[in-house]
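The values are calculated or read from the model by the stated rules, or taken from the named source; none is laboratory data. Quick caveat, the model's predicted, so the values are computed rather than measured. Note that each Cβ is placed from the backbone with ideal geometry, even for glycine, and that neighbours are counted across all protein chains shown.
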Amino acid sequence: MGTLIDRPLVVVTNREPYVDERTRTGIRHVQKAGGVVSALDPLLRDVGGDWVAWASGSADRHTAPGGVRPVPLDNPRYRLHRIYLTAEEVLGYYTRYANQGLWPLSHLLIERARFSRRAFTFYRNVNLKFARRVARESQASSLVFSHDYQLALVPSQIRQLRPDLAIAHFWHIPWPVFTVLRLCPQYQEILRGLLGADVLGFQTDEDVDAFLTSVERSFRHVAVDYTQGQIQWQGRVIHVKSFPISVDIADIESVVQTARITRWSRAVRHRLLKPGQQLGLSVDRADYTKGIIPRLEALREFFHRYPDQRGQVVFLQVVVPTRSEVSAYRSLFRHVEQESRRINEEFGTTTWTPVLTVRRSIDRYRLMGLYRAADFGLVSSLFDGMNLVAKEFVSAQVDRRGVLILSETAGAAQELDQALSVNPWDPEGFAATLNLALSLSFDERKERLQAMQQHLHEHTLYDWATDILTVLDSQAKAYVVES
Ligand code: ADQ
């Protein structure tokens, strides 16, 4: 895919793709679970370039002399530029403003959202650190590709420092409707920050509409063209468009068909299932937006309503701890354990445990093998920008035995229309859909998967990146021609 673009690429994210941690035996290179990083790392390994991110590991300084770490260390494909922050800065900008403010608000969980001017000051100052680093590392011909809700002010800060740069910003999570957005006391600053970009990307058309409306309702001297997806702002034209993020299905297919992962996938079924049983799987960061508790409630309802299904299904949930510095995340973890125990005590027998839990990150290859092994995959987000787990599950199903049960409020539901859709707020309906999934014939499962796999072959991760950067590239060229 090395021909993606012929200009240097500078990616900017909050999280770094590799965190170097000091252990008793040496340094461990950890890749954290999370959609943004798992999408961008393969891309940059392929095209090369620079990646600016917050240095969060205890050995990060050690592996990055002068603040720059080659990735991978042994055979460098791109340069990671690390930004060092104090504990107070991380608390203010990341834990408080981004994760306790913008994250819940964007997922419409208004009651959880907390904002403060003090936290916003940290947010602004830390964003500026990112912007300064990008301004320093970028060449005149560079395309800057910044990301997500932790860095909303970065586009306009970069523009002030380097008006010559072309900037695209991708918003990975849902964009809230204006009535919700305006609850954020700094919403106008957030909008102004994003409007520094030339291209603004969102996951779905609904997000684009909500964003355009927010801009129109917030400022007087602005022209919004809904049909073209364009905003005229301070003498510039900003392109606003949906670019649904995706996965590298060809890579996933080849990973799951290696001898090692084929064996592992079979071994998982062999170890967990008795003849005739089906394996259900969910994989999530332990985040309250992923609907883990509603899913367990639906599962309980399912075993109540369909006693014949008891003993027929083993449900494996992989829940990786995340953002443990936020108390809501710690208590969610305890709640998941309580609910799972409750199901197992209520329905389990000496020979059958309905819910099994894995509480850690699983290496990517094995994770893909788990998806391959499953008879059904459950994605039950309350709200979700896209949800890559759904797309990974479909991609890994090379035996075509699995049914995807997918929350209708995840962005992925708009494309994966052959999934069985559920409303995570409706436990009885969810239980009925689960029952339906288990009874689908092999032919029907196969047809549904084939249709979704074809869609993913036609809309890959590389198409996503190419589409955004092509719009940015042509926009930048048009600007050069005009001026
Ligand atoms: P996330 O909220 O992090 O991403 P998601 O899209 O589901 O959510 O991606 C999670 C990623 O982490 C997947 O690639 C998955 O394989 C990986 N992962 C999860 N649990 C894991 C485990 N136990 N071990 C190893 N890996 C694990 C945000 C938005 C999403 C959007 C993405 C990308 O919230 O809506 O899809 O960005 O834009």
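Observations on the structure shown:
- Residue in region 429-445 that is surrounded by 14 or more Cβ atoms within 10 Å (Cβ to Cβ), of a type in the set (A, V, I, L, M) and out of contact with any Leu (no Cβ under 9 Å at 6 or more places or on another chain) present: yes
- Of all residues in region 85-120, exactly one satisfies the criterion of being among the basic types (Lys, Arg) and outside any helix (DSSP H, G or I), namely 114.
- Qualifying positions in region 71-117 - basic (Lys, Arg) and under 24 Å from residue 176 (Cα atoms): 96, 112, 114, 117
- Test: residue in region 313-323 that is surrounded by 15 or more Cβ atoms within 10 Å (Cβ to Cβ), in a loop (DSSP other than H, G, I, E, B) and in contact (Cβ under 8 Å) with a residue 40 or more places away in the chain: yes
- Residue within region 398-407 that is polar (S, T, N, Q), at negative phi and touching a Phe, Trp or Tyr at 6+ places or on another chain (Cβ under 9 Å) present: yes
- Against the numbered list (1) away from the ligand (no atom under 13 Å from the Cβ); (2) of a type outside the set (D, E, K, R); (3) closer than 19 Å to residue 270 by Cα, residue 317 comes up short only at (1).
- Tabulated pairs, region 231-252, first without any contact (Cβ under 8 Å) to a residue 60 or more places away in the chain, second among the hydroxyl-bearing types (Ser, Thr, Tyr) and within 16 Å of the ligand (Cβ to nearest atom), C-beta under 9 angstrom, 6+ apart or interchain: 242/204
- Each residue in region 426-444 was checked for being touching a residue at least 12 places away in the same chain (Cβ under 8 Å) and either within 15 Å of residue 378 (Cα to Cα) or among the aliphatic types (A, V, I, L, M) (or both), and 11 pass.
- Region 353-374 residues that are under 24 Å from residue 259 (Cα atoms), paired with ones that are in a helix (DSSP H, G or I) and within 7 Å of the ligand (Cβ to nearest atom) (beta carbon under 8 Å, 6 or more apart): 364/38; 367/392; 368/392; 371/392
- Check on residue 339, within 29 Å of residue 267 (Cβ to Cβ), in contact with a helix residue (DSSP H, G or I) (Cβ under 7 Å, 6 or more places away or on another chain) and more than 8 Å from the ligand (Cβ to nearest atom): yes
- Here the strands (runs of 3 or more DSSP E) wholly within region 135-238 that include at least 2 residues being buried (at least 20 other Cβ atoms within 10 Å of the Cβ) and assigned by TED's automatic domain parsing to the domain that holds residue 92 are 143-147, 166-170, 199-202.
- Some residue of region 391-399 being within 18 Å of residue 296 (Cα to Cα) and either assigned to a loop (DSSP other than H, G, I, E, B) or within 14 Å of the ligand (Cβ to nearest atom) (or both): no
- Any hit, region 283-299, residues being in a strand (DSSP E or B), in the same structural domain as residue 404 (by TED's automatic domain parsing) and without any contact (Cβ under 8 Å) to a residue 60 or more places away in the chain: no
- Counting residues in region 56-70 that are under 29 Å from residue 464 (Cβ atoms), in the same structural domain as residue 196 (by TED's automatic domain parsing), in contact with a strand residue (DSSP E or B) (Cβ under 6 Å, 6 or more places away or on another chain) and among the basic types (Lys, Arg) gives one or more.
- Scoring residue 406 on the criteria (1) assigned to a loop (DSSP other than H, G, I, E, B); (2) more than 11 Å from the ligand (Cβ to nearest atom); (3) not acidic (Asp, Glu) leaves a single failure, condition (1).
- When every residue of region 261-279 is checked against the conditions, none turns out to be in a loop (DSSP other than H, G, I, E, B), small (Gly, Ala, Ser), within 16 Å of the ligand (Cβ to nearest atom) and buried (at least 23 other Cβ atoms within 10 Å of the Cβ).
- Listed by first and then second residue, the pairs with beta-carbon distance under 8 Å, at least 6 apart or on different chains, first residue in region 384-399 and more than 17 Å from residue 257 (Cα to Cα), second near the ligand (Cβ under 6 Å from one of its atoms) and hydroxyl-bearing (Ser, Thr, Tyr), are 388/38.
- Residue 38 fulfils the conditions (1) surrounded by fewer than 20 Cβ atoms within 10 Å (Cβ to Cβ); (2) in contact (Cβ under 8 Å) with a residue 40 or more places away in the chain; (3) farther than 23 Å from residue 362 by Cβ except for a single criterion, (3).
- Conditions (1) away from the ligand (no atom under 16 Å from the Cβ); (2) touching a residue at least 12 places away in the same chain (Cβ under 8 Å); (3) small (Gly, Ala, Ser): number failed by residue 328: (1)
- Region 70-125, subset among the acidic types (Asp, Glu), out of contact with any helix residue (DSSP H, G or I) (no Cβ under 6 Å at 6 or more places or on another chain) and within 27 Å of residue 30 (Cα to Cα), residue surrounded by the most Cβ atoms within 10 Å (Cβ to Cβ): 88
- Total residues in region 357-382, condition in a loop (DSSP other than H, G, I, E, B), within 9 Å of the ligand (Cβ to nearest atom) and at pLDDT 95 or above: 1
- Among the residues listed as 242, 324, the single one being polar (S, T, N, Q) and either in contact with an Asp or Glu (Cβ under 6 Å, 6 or more places away or on another chain) or under 23 Å from residue 403 (Cα atoms) (or both): 242
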